[in-house]
Amino acid sequence: MRRLFITALLAMGCAAGSMAQNEPVTQGSTYFLPRTALRMTMLVEKTTYTPGEYAKYAEKYLKRTDISMEPSVRYRITGMKLTSYGVPDSTKEYTAKIDAKHSIRTINRDENGVLLAVNATPRTIKQPKAFVPAPKAAPLNPKDYMSAEILAAGNSAKTAELCAQEIYEIRESKSLLTKGQADFMPKDGEQLRIMLKNLDTQEAALTQLFEGVTVKDTVEKVITYIPTKEVNKELLFRFSQKLGFTDNDDLAGKPYFITIEDLQSIPTIQTTVEDSKKVKDNAGIYVNLPGKISITLHREESVWGGYELYAAQFGRTEALSGNLFGKKYSTSLVLNPVTGNVESINTEVIK
């Protein structure tokens, strides 16, 4: 707390030194109130398909007609989370008076200068956790599961035929094991499970030579948006199944829109906030009374999601009475870092 007070005094000295000589010197600490920004965090899954080396033989040897011969890449949004956070509002810059007439001891701001608390410890701001994709299993190498006869095959057609025969033999072995008809049956259920798992791995490795390999990667995409007024289906971004996110003017991507509606609902702070015209002693402590808004996200013509939250820029700003920070009272104040609204306010009589 002592370090914060020293910081405030340094800021006071810098502010005073930068003023012109013909202007009154104001002792204090400058801060901003926040405006509310939206953070849309989306998980995007990228699916990459690579045809198998022997895909053209799939119909002949495995009777498969559903296997594509062409590589492909597909994208899809698998999840979306909307959160809000505070950014400095350059139109709401104020200076708290730190002098002998006021009981303002500490001013606590975030790294961007947004006011968090006065004479109090601010609320801890939880930072969003970075997305960490799940670990992937090591890819299978089909050659590790080929017999000597398969490896010695002279051409791709023969190799494909022998691989297909091996796949059928593996399937037959699994069938006999599950029916209890194999020549060498496992001693217990755990041994049976291990044997079946090994056979499944062998089959998967050889089958991918025909089916191909599909790899899925999930990445995180963050879009920020600062609402300033009501809007009706404003273009937010474009997304394509083949290209992923595209530029807003690229018609290859399907449009996603945002609608902002002002619900005309503003909270009050009991009797602690007074109209600025009625405040005789202004200590320079201002707070936001945020307004409630409705947010609707659209995917083309359908509704993608709906939310309601408070945004600082849709409300108004009020000055706290200087009496709360005068010689008779000591007031501790904690603000919401997203909206600038009062979260807690405690006043004690100075004895």
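Below are the figures for this structure:
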read-out	value
Meets criteria (free of Cβ contacts under 8 Å to residues at least 40 places away in the same chain and acidic (Asp, Glu)) for Glu301	yes
Test: residue in region 215-228 that is open to solvent by less than 50 Å² (accessible area, probe 1.4 Å), without any contact (Cβ under 8 Å) to a residue 40 or more places away in the chain and not in a helix (DSSP H, G or I)	no
Residues satisfying the stated conditions in region 143-165, i.e. touching a Ser or Thr at 6+ places or on another chain (Cβ under 9 Å) and assigned to a helix (DSSP H, G or I)	Tyr145, Ile150, Leu151, Leu162, Cys163
Filter result for Ala312 (buried (at least 19 other Cβ atoms within 10 Å of the Cβ), out of contact with any Gly (no Cβ under 7 Å at 6 or more places or on another chain), in a strand (DSSP E or B) and in contact (Cβ under 8 Å) with a residue 40 or more places away in the chain)	no
Yes/no for Tyr94 being under 19 Å from Ala319 (Cβ atoms), aromatic (Phe, Trp, Tyr) and either assigned to a strand (DSSP E or B) or out of contact with any Lys or Arg (no Cβ under 9 Å at 6 or more places or on another chain) (or both)	yes
Residues within region 315-339 that are among the small types (Gly, Ala, Ser), modelled with pLDDT of 90 or more and open to solvent by 10 Å² or more (accessible area, probe 1.4 Å), tallied	2
Residue, farthest from Gly28 (Cα to Cα), within region 107-126, restricted to residues that are of a type in the set (Val, Ile, Thr) and crowded, with 20+ Cβ neighbours inside 10 Å	Val114
Test for Thr41: is it under 37 Å from the mean Cα position of the chain (by Cα), over 17 Å from Val334 (Cα atoms), at pLDDT 95 or above and open to solvent by less than 50 Å² (accessible area, probe 1.4 Å)	yes
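The values are calculated or read from the model by the stated rules, or taken from the named source; none is laboratory data. Note that this is a predicted model, so its numbers are computed, not measured. Neighbour counts run over all protein chains shown; Cβ positions are idealised from the backbone, glycine included. Remember, those area values only see protein heavy atoms, side chains included, never the ligands or the DNA or RNA. Shrake-Rupley method; radii C 1.70, N 1.55, O 1.52, S 1.80 Å.
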